[in-house]
Amino acid sequence: MIIIADGGSTKTNWCLLDDAGKKVYFNTEGYNPFFVDSTYIVNSLKKGLPQDMPFDRITDVNYYGAGVHNEEKAKIVEEALKQVFSHSKVFVSHDLLAAARALLANKAGFAAILGTGTNTCLYDGEDIIHKIDSAAYILGDEGSGCYIGKKLLTDYIRGLMPETVREVFWETFKLTPDDVMDAVYTKPLANRFCASFSKFVYEVTVDMAYSRGIVEGAFDDFFRNLVTKYPNYQDYSFNCIGSVGYNFRNVLEEKVHQYNMQLGRIIRSPIDDLVQFHISRLSE
């Protein structure tokens, strides 16, 4: 019995795979080790995991997570998982490897994440061979939900948001510009806060030109500052995982063609394909 988990900054998708091949899916919150420590993760998992979890029968936990950029960050997550799954062998890696394995399986190619944050890589069919750091949500993360949300909030604070959109924003959130500044600069998990407003951009249709302009600008920055920096990037098809890439895929597909790449797969979540990747490994 094994567990496969895909952890974003906002949500973690889990699958328990038993010896008969039965799959049980469930979710917890996300655990980015840049923002939470091992104690936080342990306490959250104890509350969020299914109450009937057969801990003593789980042999392997395969966790892929946002923010697992190096050994130090991986250790934060690994120590927490070892406390919760004390009978299991624990493997922790970056969510970008999960994306590549889910999108490309054993084939080489280009893979990206466009969710709360952004990530990109070249993959050789087994491992990541080249990666340009997204620089996270303060310095980079172009194209992400956080990046789109920041643009919307900046326009709101500066009074640049169209009045029709501003009215809906106020009716929806009841946030003053000071409230926004306080949430971003004094409260924890500012990346999640900013990213949550990408849903507003997607759902509110009172000024489609304005909403589309925000998304187009974010994806232009994503391609210009990240994708096009890969050697011979136009030789690869564009493959992407994440709610932002999936929800705004009509704009994303246009940008893929604009930057002379072939369109590959754009999917919301890697968990199903990632589980299949691990099933195929079990049979090897």
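Read the figures in this text as sums done on the coordinates, not as results from a lab. Predicted, not measured: the structure shown is a model, and the values here were computed from it. Cβ placement follows ideal geometry from the backbone for every residue including glycine, while neighbour counts extend to all protein chains displayed.
What angle, in degrees between 0 and 90 and rounded to the nearest 10, separates the Cα long axis of helix 38-48 from the longest principal axis of the Cα atoms of the chain?
80
Can you pull the Rg over Rh of the chain, Cα-only, Kirkwood?
Here Rg/Rh amounts to 0.98.
Tell me the label-point distance for the pair E72, T154, using the 7 Å Cα-to-Cβ offset, in nm and rounded to one decimal.
Calculated label separation equals 2.8 nm.
Any of K73/K174; K107/K151; K73/K151 with alpha carbons more than 30 Å apart? Name them for me.
Pairs exceeding 30 Å: K73/K174; K107/K151.
Distance check, please: which entries in K22/K47; K11/K46; K131/K229 exceed 19 angstrom between their Cα atoms?
K22/K47
State the Kirkwood hydrodynamic radius of segment 23-127 in Å, one decimal place, computed from all pairs of distinct Cα atoms.
Computed over segment 23-127, the radius equals 14.7 Å.
Restricting the count to DSSP beta bridges whose residues both fall in segment 50-152, what percent are antiparallel, rounded to a multiple of 5?
Percentage antiparallel, nearest 5: 55.
Quick one: angle between helix 71-84 and the longest Cα principal axis of the chain, in degrees between 0 and 90, rounded to 10, please.
Computed tilt is about 60 degrees.
For segment 67-147, what Kirkwood radius comes out of the mean inverse Cα-Cα distance, in Å?
Result for segment 67-147 stands at 13.7 Å.
Of the listed peptides 198-209, 22-33, 3-14, 48-59, what is their order by residue-averaged count of other C-beta atoms within 10 Å, with the highest listed first?
The densest-packed peptide leads the list: 3-14, 22-33, 198-209, 48-59.
Quick check on segment 66-216: what are the equivalent-ellipsoid semi-axes from the Cα gyration tensor, as sqrt(5λ), descending, whole Å?
35, 20, 12
If each of Y25 and D207 carries a label point 7 Å out from its Cα toward its Cβ, how far apart are those two points in nm?
About 3.7 nm separates the two model spin labels.
Output the relative contact order of the chain, whole-number percent, from Cα pairs under 8 angstrom with separation of 6+ residues.
Averaging sequence separation for qualifying contacts and normalising by length gives 17 percent for the chain.
Can you tell me, using C-alpha contacts under 8 Å and at least 6 residues apart, the relative contact order of segment 228-284 as a whole percent?
40
I want to verify a result. In a Gaussian network model of the chain, Cα cutoff 10 Å, which of these has the top mean-square fluctuation: I271, I129, I113?
I129
Return the Rg/Rh ratio of segment 148-284 with Cα-based radii and a Kirkwood Rh.
Here the Rg-to-Rh quotient is 1.06.
Assuming R0 = 41 Å, can you tell me the calculated FRET efficiency for the pair V42 and E171, based on Cβ-Cβ distance, to the nearest 0.05?
Plugging the Cβ-Cβ distance into 1/(1 + (r/R0)^6) gives 0.55.
Of all DSSP beta bridges located in the chain, what percent are antiparallel, nearest 5?
Bridges in the chain that DSSP calls antiparallel: roughly 55 percent.
If you stretched the chain out fully between K89 and E254, how much longer would it get, using 0.36 nm times the residue separation minus the C-alpha to C-alpha distance?
Between K89 and E254, full extension yields an extra 55.1 nm.
Quick one: length gained pulling F55 to R268 fully straight, 0.36 nm per residue minus the C-alpha distance?
73.8 nm
Report, in whole Å, the centroid distance computed from the Cα atoms of segment 182-210 and segment 5-22.
27
Rank the residues C240, C146, C15 as a footprinting-exposure proxy: fewest other Cβ atoms within 10 Å of their Cβ go first.
Lowest to highest Cβ neighbour count: C15, C240, C146.
To the nearest Å, what is the center-to-center distance of segment 25-41 and segment 247-284, using C-alpha atoms only?
One Cα centre to the other: 24 Å.
Semi-axes, largest first, in whole Å: what does sqrt of 5 times each Cα gyration tensor eigenvalue give for segment 1-67?
Here the semi-axes work out to 21, 12, 10 Å.
What is the P(r) of segment 140-197, as percent of Cα-Cα pairs per 5 Å bin from 0?
4, 19, 30, 28, 14, 4, 0
Report the extension gain between A108 and R224 in nm, rounded to one decimal, defined as 0.36 nm multiplied by the number of residues separating them, less their alpha carbon distance.
Difference between extended and current length: 39.5 nm.
For helix 271-282, what angle does its Cα long axis make with the longest principal axis of the chain, in degrees from 0 to 90 and rounded to 10?
On a 0 to 90 degree scale, this one is about 30.
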